[in-house]
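A quick write-up on the structure given underneath.
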Amino acid sequence: MKKARTSDLFTINTYWFGLSTMWNSLHVIILPAILLNFVPETHKNTYLGLLTFVGLIIAMLVQPISGSISDRWRSRWGRRRPLITLGTVFDFIFLALLGWAGGLVWIAIGYIGLQFTSNIAHGPAQGLLPDKIPPEKHGAASGIKNLFDMGGLVAASLIMGNLLDPEAARPLVPILVIMGILLVSASVTILGAREQSSLEAAPEEPTETEQIPITRILANNPRYAKLIVSRFAFLIGIYAVQSFAQYFIRDVIATPNPVKLTGDLMAAIALPLIAFAVGGGWLGDRLGHRKILYFASGIGIVGSLALMTARTPTQVLIYGAILGLGLGLFLTSNWALLSRMAPVAQAGAYLGLTNLATAGSAASGRLIGPAIDWLNNLNPGAYNGYTAMFAFGAICVLLSAVLLTRVSEKE
């Protein structure tokens, strides 16, 4: 591996800004708002939860397969960028359906199709970090990755929260903005990553480790598997809270513009998340990433339980910032450990498998939607479903810390 340039830390990660803006806009702001035009009020959490569950299951399956294919891709552009380009080009087709078609069926087709094409690109993109960055800089590179991830969250929160009309059935302008941001960020990574041609030399004879199929990677690497399970537990709690935040704000906080306050909440989560994502990578490289992860879990529990008691917009924003602090520390240190444990030759496959935790937890967290509706409808006006949602988030973060005790770190 050649010595990484400082610019590499940014160019390989810029794509995450576009992806983060797109998915946070859709999941947190746009889909919850436009679905209200097509689904019953008393079952809105159920429809949102089940639709996004199906899409995220597709993401969970496609991403590791695409990452593994990219490990062996041969082209003048290298092994990652061709699939990144292909997936991104097709993203625009399904974004257009979401923005222009209207109707529940077309929303579902656009959203599910976008999950498929976006994750064709997502899996290979994850392999760029271990391909081009030496292990001693994985913490710093992971911090920058999360900086772009959270920058996308801030962009989605502030832009979409103010741009989207809460009554709109077709989010035309927000989708056009998403397309523009995705195009620019993808172009920076695709043109700036500068992979070496994978045609220049014949592929090396695969080692015994490289011959292991994807289905056996986790079984043969228990430390990696346990770390993925710990990631799953933490993120399922966070995604459960994030997914239905707009409906919690609409029902419990009863603000005149729940779309805007939801955007402000996501920004309140993202701003400390950004600061501590970058700082957490630096600290983790020096103090040990497991220590940072335990600290992050404690903060995450406090933030989730505090949101349970929120009844004013100010409380929502303050408690959301606490949750963001813990999430920022967690994401950076967890990703640094995953990148460090992934063999370079199979980095695409290994890091693609982290989507079992990322998309898997995002999908599973959506399944709490029917339970929220059931508990809310059982005692109308008490909104016990949202109380259970925040309690579930805190319990899952605690479980993540417990599972982490079974993962050894050799630094």
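Under 8 Å for C-alpha pairs, at least 6 residues apart: give me the relative contact order for the chain, rounded to a whole percent.
Relative contact order of the chain: 29 percent.
If I model a spin label as a point 7 Å beyond the Cα along the Cα-Cβ vector, how far apart are those points for Lys291 and Val39 in nm?
So the label points at Lys291 and Val39 sit 4.4 nm apart.
Report the far tail of the P(r) of segment 367-411, meaning the percent of Cα-Cα pairs longer than 14 Å.
59
What number comes out for the charge environment of Gly143, summing +1 per Lys or Arg and -1 per Asp or Glu over other residues with Cβ under 15 Å away? Walk me through the numbers before you get to the answer.
Details: positive: Lys137, Lys145, Arg286, Arg340; negative: Asp8, Glu136, Asp149, Asp285.
Computed value for this residue: 0.
Could the peptides 157-166, 223-232, 17-26 be put in order, highest first, of the mean number of other beta-carbon atoms found within 10 Å of their residues?
17-26, 223-232, 157-166
For the residues His122, His27, His43, what sequence is obtained by ranking on other C-beta atoms within 10 Å, fewest first?
Starting with the residue having the fewest Cβ neighbours, the order is His43, His27, His122.
Any idea what the relative contact order of segment 43-150 is, in percent, if you count C-alpha pairs under 8 Å spaced at least 6 apart? The partial results should precede the final answer.
On the way: 103 pairs, mean separation 36.2, N = 108.
Normalised by residue count, the contact order of segment 43-150 is 34 percent.
Where Rh denotes the Kirkwood radius from the mean inverse Cα pair distance, what is Rg over Rh for segment 222-316?
1.04
What does the charge count around Leu375 come to, taking other residues whose C-beta lies under 15 Å from its C-beta (Lys +1, Arg +1, Asp -1, Glu -1)? Before the final figure, lay out the partial values.
Working: positive: Lys44; negative: Asp251, Asp373.
Here the count lands on -1.
So which trypsin sites (Lys or Arg not before Pro) in segment 286-319 end up in coil per DSSP with only 11 or fewer other C-beta atoms within 10 Å?
Sites meeting the loop and neighbour criteria: Arg311.
Taking the chain as the reference, fit the longest principal axis to its C-alpha atoms, fit the long axis of helix 81-100 to the helix C-alpha atoms, and give the angle between the two in degrees, 0 to 90, nearest 10.
20
Counting only C-alpha contacts under 8 Å and six or more residues apart, can you give the relative contact order of segment 280-340 as a whole percent? Kindly include the intermediate steps, with their values, before the conclusion.
Numbers: 64 pairs, mean separation 28.4, N = 61.
With pairs under 8 Å counted, the relative contact order is 47 percent.
Rank Leu323, Leu353, Leu176 by mean-square fluctuation in a GNM of the chain with C-alpha springs under 10 angstrom and give only the top-ranked residue.
Greatest mean-square fluctuation among the candidates belongs to Leu176.
Could you tell me the number of lysine pairs in the chain with C-alpha atoms less than 14 Å from each other, where the two lysines are 8 or more residues apart or belong to different chains? It would help to have the intermediate numbers written out before the result.
Working: Lys2/Lys132; Lys2/Lys137; Lys3/Lys132; Lys3/Lys137; Lys132/Lys145; Lys137/Lys145; Lys291/Lys410.
For the chain, qualifying lysine pairs total 7.
Mind pulling the angle between the C-alpha long axis of helix 104-126 and the longest principal axis of the chain? Nearest 10 degrees, somewhere in 0 to 90.
Compared with the principal axis, the helix lies near 30 degrees.
To the nearest 10 degrees, how steeply does helix 368-378 sit against the main Cα axis of the chain, on a 0 to 90 scale?
That works out to roughly 10 degrees.
Subtracting the Cα-Cα distance from 0.36 nm times the residue separation, let me have the gained length for Leu158 to Leu317 in nm, one decimal.
Details: separation 159, 0.36 × 159 = 57.24 nm, distance 1.35 nm.
Full extension of this stretch gives 55.9 nm more.
So what's the net charge close to Leu331: Lys and Arg +1, Asp and Glu -1, counting the other residues with Cβ under 13 Å from its Cβ?
+1
Just order 301-310, 362-371 by mean Cβ neighbour count inside 10 Å, highest at the front, would you? Let's see the in-between values first.
On the way: 301-310: 19.7, 362-371: 22.1.
Taking the mean over residues of other Cβ atoms within 10 Å, the ranking is 362-371, 301-310.
Give me Trp16, Trp77 ranked fewest to most by other Cβ atoms within 10 Å of their Cβ, as a rough exposure proxy.
The order, fewest Cβ neighbours first, is Trp77, Trp16.
Readers should treat all values here as calculations from the given coordinates under stated rules, not as data from a laboratory. Small disclaimer: the values here were computed from a predicted structure and weren't measured. When we count neighbours, we look across all protein chains shown, and the Cβ atoms used for this are built from the backbone with ideal geometry, even at glycine.
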